[in-house]
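Taking it in order: structure first as structure tokens, then the write-up.
What follows draws every value from the coordinates through simple rules; no lab data is involved. Predicted model, so just to flag it, every value in this text is computed and none were measured. Quick reminder, even Gly has a Cβ in these numbers, built from the backbone with ideal geometry, and neighbours come from all protein chains shown.
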Amino acid sequence: MEVLLHEDLAALSDLDEQSLLESLSQRFKQDRIYTYIGDILVAINPFKYLPLYEKEVSERYKYHEKTKLPPHIFAVADRAYQSMLGRLATGPRNQCIVISGESGAGKTESTKLLLRQIMELCRANSQLEQQILQVNPLLEAFGNAQTVMNDNSSRFGKYIQLRFHNSSVKGAKINEYLLEKSRVVHQDEGERNFHIFYCMLAGISPDDKDMYGLLDPTQYRYLNGRYGSEDIVRKWGEKYSEVCNAMDMVGFEEQEKVDMMTILAGILSLGNIMFEPTETDALRVTDKSMGWLKATAGQFGVQEEELLRSLTCTLSVTRGEAIRRLHNQQQAEDARDSIAKVAYGRVFGWIVSKVNELLAPNVDFDVELSEIGILDIFGFENFAVNRFEQLCINLANEQLQYFFNHHIFLMEQIEYKEEGIEWESISFKDNKPILDLFLTKPIGILSLLDEQSAFPQASDRDFVDKLNSKFKSSPHYEVVRSHSPLFTVVHYAGKVQYNGLGFLEKNRDTIPASIRSLFINSVTPLLSLLFAATISRTGTLMPRKAKLMQKADDNFNSTRKQSVGAQFKHSLAVLMEKMFVASPHFVRCIKPNGSKLPDQVDNKIVMDQLRYNGLLETIRIRRDGFSWRPSFKEFAQRYNILLIKPDLPLTKESCMSILNTTKIHGWKCGSSRMFFKYWHQEELARLLERLGKA
Ligand code: ATP
Ligand code: MG
């Protein structure tokens, strides 16, 4: 039993898959949801309230020694913060905390706990701290939704960068990735639209409801005519006041809030506009939905006729001549839905850029800031139907797994070899070939998608045929024989079959010029601003002037709009660049069962996650490996004080003499650096501290 309850699995001498599962689930049954694998934290979602996060616990985990307290998410916060301050170890000052796991595994909850504890640590009892903590409820209201996997599923990815000067927080920046806009117009069985719609309908005062022109929630097609029980509605109502508070705290202006809500109301009305064919070729809005057309135009602050025109026809200019092409019913409905999606997407993007503006560090240019980044990105997804969104999400997870592998396995083992450390190599599932399948130029999946998207005539079928012919012999790709454009990718976490329908359109993501001009002319200031501005490649909103200034040094971006795939690939690359030069901390979230239930472990579901996360291999490398590898210079500089000889030459010999004065053992010495086990860092920190006190 003793062994089963071990808090650090890397300390176990012998472990196989089965006993790993057993250890974790035994601990879980005693509400010990956190377990270490060396410096990696495994967290199993309890799906119930646990008294683990009280003020008193938070205090206990401040500046603590890892081995003295049970594993905890607060310990990760502490470690990242202390490392950023240089108190724990040598290495880059910037930190990044990577939180991974399936949908519903607890990534977002972990993120919030980390943020809270880091704010506690820097004792930022200021307005800024409150502002930073309010960002989450705000983003969750607009970016989260109920799905079959999770009642509060994040439908976008985010990287939160907390910026510090010395020990105090100076600001924050959010990067958001790939909001699932399609949810605004369509939700699968058992799912809902973004929280904000329900909150708004439940929480708004009757007067405001009139002002925004909102009607009974069950009337709206974009909400599937579904609302909720009295209980749920009350909770949504409460949430609405939280969101409004959050907006005030972060610094949104009253008019901005009113505009935002009006646009949301407009989106709901828009969804109810239906079309029918007439005797002539033209389409008309059904009698029943004339009222909705009027309402939408009012809410969007645009001319009714102009709105109708942009729904029912496309205007194109060929050789200086304007040609009007009438839509058929399907095209009109598509136009309606794309207006809703683009309007919502722009509102979300605007909220993020506004938050960034308000929380930008207010310091002089020459002040050097260090950073803790927290990555909470959508987990690996494999649904009954997997679309373009799932492909991007899974690519992101593939990239994160690669980052994890790279740090935990690759770099470490390469260094052993180079430095002449005796080592029996540990194999791991290298997913680089899968990453290449997506990203290689010019023949990766994304490049082929862009190539096809550039042909106006190409179909989704053509795209999948191209994939089939290029990748049929790849071990990570499978051709699917079907009338539908299906294909399968063998991901690190398992096989996923994608349906290529809609890929080209979603990748192009173009807004017809008529829609853009419709909104630019809107009398609602925010709406007009959203469409006069343009979204930069990094996903932030830039006013037109800034865009023009950027044009000069960013020519290729301005000539043609980048595809969604290319933008995503770029933002992933930027993120990786940041992460590869920071000190990483990993939190692996595990979902105990597929029914969101407390106290239940489904062995198969957990085992699958342990397997594709590579946790068993991770345990081995953390047990046998040397995860901290400072150069002689770094080490001697920092620890020469243990010898009380500050002028020691920064050489191998000095490092050895320093270590020989301690009782620390188990380290090794390479040709240019020292090799330590993960726990050595703390042992040394303790010695320094003792010396400080003496
Ligand atoms: P997604 O990828 O869908 O966004 P996620 O990994 O972010 O999923 P969360 O939203 O963090 O998942 O967690 C899902 C739910 O599980 C939460 O709403 C909460 O009810 C519960 N939960 C997660 N972590 C904890 C925890 N530490 N204590 C109690 N409940 C938790
Ligand atoms: Mg989440």
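Taking the Cα centre of each part, how many Å lie between the stretch 643-694 and the stretch 202-223?
66 Å
Please compute the alpha carbon radius of gyration of the chain, then divide it by the globular-protein estimate 2.2 N^0.38 Å. Two decimals is fine.
1.04
Projecting each Cα onto the charge dipole of the stretch 77-229 (Lys/Arg +1, Asp/Glu -1 at the beta carbon, about the Cα centre), which of Gln117, Leu138, Ser168 comes out farthest on the positive side?
Result: Ser168, furthest along the dipole toward the positive end.
What whole-number distance in Å separates the alpha-carbon centres of the stretch 98-117 and the stretch 20-65?
13 Å
Considering only Ile351, Gly320, Gly251, whose Cα is most displaced toward the positive end of the charge dipole of the stretch 225-369, charges sitting on Cβ of Lys, Arg (+1) and Asp, Glu (-1)?
Highest projection toward the positive end goes to Gly320.
Nearest 500 deg cm²/dmol is fine: what mean residue ellipticity at 222 nm does the chain get from its DSSP H runs of n ≥ 4 alone, each adding -39,500 (n - 2.57), divided by its residue count?
Rounded to the nearest 500, it is -14500 deg cm²/dmol.
Tell me, what HN-Hα J-couplings in whole Hz come from the Karplus equation 6.51 cos²θ - 1.76 cosθ + 1.60 at θ = phi - 60° for each residue of the stretch 630-635, using x for Gly and Pro?
My calculation for the stretch 630-635 gives x, 6, 3, 4, 4, 5 Hz in order.
Hey, can you grab everything whose amide H is under 5 Å from the amide H of Ile97? Only 5+ residues off in sequence or another chain; H modelled, so Pro and N-termini drop out.
Gly373, Ile374, Leu375, His585
Considering Cα pairs under 8 angstrom that are at least six residues apart, work out the relative contact order of the chain and quote it in whole percent.
The normalised contact order for the chain reaches 19 percent.
Net charge near Met260, counting Lys/Arg +1 and Asp/Glu -1 over other residues with Cβ under 15 Å of its Cβ?
Local net charge: -3.
For the chain, the longest stretch holding no GluC sites (Glu not before Pro) located in a DSSP loop with at most 12 other Cβ atoms within 10 Å is which?
425-694
Per residue of the stretch 639-644, in order, report the coupling 6.51 cos²θ - 1.76 cosθ + 1.60 (Karplus, θ = phi - 60°) as ³J(HN,Hα) in whole Hz, putting x for Gly and Pro.
So the Karplus estimates, Gly and Pro as x, are 10, 4, 4, 5, 8, 6 Hz.
Show the residues, 5+ positions off or on another chain, whose built amide H is closer than 5 Å to the amide H of Tyr477.
Val490
Could you work out the local net charge near Val385, counting Lys and Arg as +1, Asp and Glu as -1, over the other residues with Cβ closer than 12 Å to its Cβ?
Charge balance in the 12 Å sphere: -3.
So if I place +1 on the C-beta of Lys and Arg and -1 on the C-beta of Asp and Glu, and nothing else carries charge, what would the dipole magnitude of the stretch 321-451 be about its Cα centre? I want it in debye, nearest 20.
About 1040 debye.
In whole Hz, with x marking every Gly and Pro, tabulate ³J(HN,Hα) for the stretch 199-213 from phi via Karplus 6.51 cos²θ - 1.76 cosθ + 1.60, θ = phi - 60°.
Working through the residues one at a time gives 4, 4, 5, 7, x, 6, 6, x, 4, 5, 4, 5, 4, 7, x Hz.
Determine the gain in length on full extension of the stretch Val574-Asp14; use 0.36 nm per residue of separation and subtract their C-alpha separation, reporting nm with one decimal.
My answer for the length gained is 197.6 nm.
Around Gly171, which amide H atoms from residues at least 5 apart in sequence, or from another chain, sit under 5 Å from its own amide H, with H modelled in the peptide plane?
Arg163
Calculate how many DSSP beta bridges within the stretch 185-325 are antiparallel, expressed in % of all such bridges and rounded to the nearest 5.
Around 100 percent of the beta bridges assigned by DSSP in the stretch 185-325 are antiparallel ones.
If you restrict to DSSP beta bridges whose two residues both lie in the chain, what percentage is antiparallel, to the nearest 5?
75 percent
Can you tell me the dipole magnitude for the chain around its Cα centre, using point charges on the Cβ only (Lys, Arg +1; Asp, Glu -1), in Debye to the nearest 20?
1120 debye
Give me the extension gain from His165 to Ile520: residue separation times 0.36 nm, minus the current Cα-Cα distance, reported in nm with one decimal.
123.7 nm
Can you tell me the Rg and the Dmax, both Å, for the Cα atoms in the stretch 294-411?
Every Cα atom of the stretch 294-411 included, Rg and Dmax give 22.7, 62 Å.
Taking the Cα of Leu643, stepping 7 Å toward and past its beta carbon, and measuring to each backbone N in the stretch 618-636: which are under 11 Å?
Residues 636 qualify, since their backbone N sits under 11 Å from the label point.
Can you tell which of His195, Met290, Met576 lies farthest toward the positive end of the dipole of the chain, using +1 and -1 charges on the Cβ of basic and acidic side chains (Lys, Arg; Asp, Glu)?
Most positive-ward Cα: Met576.
Assuming 0.36 nm per residue, please report the length gained on full extension of the stretch Lys209 to Thr278 beyond their Cα-Cα distance.
21.3 nm
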